[in-house]
Amino acid sequence: MSSKRILIVAGEASGDLHGASLVRAMMRKNPGLSFYGVGGGRMREAGVDLWADAGNMAVVGLTEVLSKLRVILSVMSRLKKSMRFQKPDLVILIDYPDFNLPLARSAKKNGIPVFYYISPQVWAWRRGRIKTLGRVVDRMAVILPFEEPLYRKSGVDASFVGHPLLDAVRVSSSRRETLRRLGLRDNVTTVALLPGSRKGEVTRLLPDMLKAVRLIAGKIQPVQFLLPLADTLDPAWMESRMQGVYAPEIRLVRGATYDAVAAADAAVVVSGTATLETALLGTPLIVIYKVSALSYLIGRMLISVDHIGLVNIVAGKTVAPELIQHQANPERIAAEVLAILGDADRRRIIKEELLQLREKLGRPGAARRAADMALSLLQGPKG
């Protein structure tokens, strides 16, 4: 296969992780490929020429997008021009549908094949997008088992490749080694806090989480807390969010996120990919979610699933308690954490259910299988 140029776009921290794995898998099969587009540090390390940083474009909620609209539209315009004038050989889109679907339409107009990896969550809301995807996407790799029949029923060429987190989520040290490395005690109850990978969600959720920490520490002694820092967030910025808050010391963890979460007895996790990561590590968790009041009202009218946390959606039942919007307050967060920590039988049952969830996510090797699908589109003529 001759050298090909590929536009790839991922707009979230998880998309950056999975995009990097996909790029590496494709490069192993064809070292002559070149990539440009939107992503984060991991995609840059994988060799992608980044035209924009995904961290500057990430938002949560329908109304929050307004604050970053100028940046988002500028990047979209530049990428559309590149498709018109530079004609990449393939466009790879990773989740991020509000940005990526307009790009897919533009690629189709310019006769460029489109590969969608990690589909939009049309099963949760805006199912009408399935028809749009059928028109503008040539092939799709989905990572949740129930997505393939849903898309195929609507005429979309979709294949379940397994969940890429099965390859990514790995622990490199024992609980004892991890906690000692972090300067924490290995014989003390430990709670992990995961407030998100975007400044907006951290700003909304962290204050209530810190107040919950104080409440938990008032009921359990000794107890210790750790906060793994997302790659998309600046450590100094996060530390500034935590200053001036009266709470027990919280250890900010840079790198080794999976080791840290696996070492915890329970975790408070923002809704999103992090809930599945925590589940795969076998750590009992509470899912929290909060957006602006308007976004929440609009979402309630549009969302058509019983659960909001991916861990519960995949399990098909409530494995992790969900605290949504006004429920995500310090008192409720603390109460749910204390309920898990105080019930050994419940922790055992949750861990068993998390093991069952892992089996539903398929086999390792998602990036390799997705790479084969993407490369097959490069072998045929455009259009």
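The values are calculated or read from the model by the stated rules, or taken from the named source; none is laboratory data. Note that the coordinates shown come from a computational prediction; the quantities given were computed from them, not determined experimentally. Cβ: placed from backbone, ideal geometry, glycine included. Neighbour counts: every protein chain shown.
Checking each residue in the stretch 81-98 for being within 17 Å of Val137 (Cβ to Cβ) and either of a type in the set (S, T, N, Q) or modelled with pLDDT of 90 or more (or both) picks out Met83, Pro88, Asp89, Leu90, Val91, Ile92, Leu93, Ile94.
Regarding the stretch 145-155, can at least one residue be identified that is touching a Leu at 6+ places or on another chain (Cβ under 7 Å) and buried (at least 19 other Cβ atoms within 10 Å of the Cβ)?
Initially, the stretch 145-155 is screened for residues touching a Leu at 6+ places or on another chain (Cβ under 7 Å), giving none.
Looking for residues that are touching a Leu at 6+ places or on another chain (Cβ under 7 Å) and buried (at least 19 other Cβ atoms within 10 Å of the Cβ), one finds none in the stretch 145-155, hence no.
Scan the stretch 39-80 for residues that are of a type in the set (Lys, Arg) and at pLDDT below 85 and the total you get is 2. Quickly run through the stretch 256-294 and pick out the residues that are in contact with a strand residue (DSSP E or B) (Cβ under 7 Å, 6 or more places away or on another chain), among the aliphatic types (A, V, I, L, M) and either at pLDDT below 95 or closer than 18 Å to Pro330 by Cα (or both). The answer is Ala266, Ala267, Val268, Val269, Val270, Ala274, Leu285, Ile286, Val287, Ile288.
Per this entry, Asp16 is counted among residues that are in the same structural domain as Lys87 (by TED's automatic domain parsing) and under 20 Å from the mean Cα position of the chain (by Cα).
Counting the residues of the stretch 1-32 that are surrounded by fewer than 24 Cβ atoms within 10 Å (Cβ to Cβ) and either touching a strand residue (DSSP E or B) at 6+ places or on another chain (Cβ under 6 Å) or over 22 Å from Val161 (Cα atoms) (or both) gives 8. The number of residues in the stretch 229-253 being touching an Asp or Glu at 6+ places or on another chain (Cβ under 9 Å) and closer than 21 Å to Asp186 by Cβ comes to 2. Among residues that are modelled with pLDDT under 95 and either outside the structural domain of Val245 (by TED's automatic domain parsing) or charged (D, E, K, R) (or both), Glu353 is not included.
Counting residues that are farther than 27 Å from Glu277 by Cα, which strands (runs of 3 or more DSSP E) fully inside the stretch 71-158 reach at least 2? Please lay out each step first, then the result.
Working: elements: 90-94, 114-117, 139-142.
Those strands (runs of 3 or more DSSP E) span 90-94.
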